[in-house]
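Below you'll find the structure I mean.
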Amino acid sequence: MSVTLEKTPETAREQLQTAALVLFSGGQDSATCLAWALERFQRVETVGFDYGQRHAVEMQARQTVRDSMAKALPQYADRLGDDHVVDLTGYGRIAESALTADRKIEMDARGLPTTFVPGRNLIFLVAAAALADRRGLEVLVGGMCETDYSGYPDCRHDTMVAMARALSLGLDKPVVIETPLMWLTKAQTWELAQQIGRAALVELIIEDSHTCYQGDRTHRHAWGYGCGECPACELRAAGYDEWASGR
């Protein structure tokens, strides 16, 4: 039973005959993961989740990024397949956080940021695995990372290993979860985008992807649009500055 998460480039190339489903929010990380998957798999579909997030701009950004991806990576355009949106608004009301309700972004009693949506990635992976099973997609691809991240426990490598095993048992077949950003810093994520798609992909991520927790699309920075103050913007900005300074 396979619960392999990260593969070497050689192993990934051997999987060119397979198809992948990318958990796709339209942010920097998932945009990079989509490009990574298009480079490796013959057929790539995407899935987004409407979980009642406060800012509709996130759902709008994901379609813009998808549309732009074919132009930024024309050599892989024919690999980009269908997009799916799963309605999880009921779950969002249960797992209330600063991303789904008007709450201050701060640390809670457990030491977790109030932007943490309890179990979000677990729910996403279950829904994605069910969709992938129906669509004949063998690999799930997610932008989870525990190097430069907000401390969410459902982004950790151990969580992904456990989820891959649980899904494999529950579906009675191997479920592979690929997390190409798991051990990368944000600077390295920018570098990965540069390696895959050169300036065109970096420009796409700057202009079209959305990461800001405040839903701000009015303030343009060197690294893209956002408030510049929330934890997501701070991580993205710091990573961009480190990457840009080393070029």
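Between Glu242 and His157, what FRET efficiency comes out of the Förster formula 1/(1 + (r/R0)^6) with R0 = 35 Å and r the beta carbon distance, rounded to 0.05?
Working from the Cβ atoms, E equals 0.95.
Let me ask something else about it. Quick one: net charge of Asp83's neighbours, Cβ under 9 Å, K/R +1, D/E -1? Please list the in-between numbers first.
Values: positive: Arg62, Arg66; negative: Glu45, Asp82.
Neighbourhood net charge equals 0.
Want the number for Gln63 to Lys173: 0.36 nm per residue separation, take away the alpha-carbon distance, what's left? Don't skip to the end; give the middle numbers.
Working: separation 110, 0.36 × 110 = 39.60 nm, distance 3.12 nm.
Result for the pair: 36.5 nm of gain on full extension.
A short reminder: the numbers here are calculations on the coordinates, not readings from a lab. Since we're looking at a predicted model, the values are computed, not measured. Backbone-built Cβ (ideal geometry, glycine too); neighbour counts: all protein chains shown.
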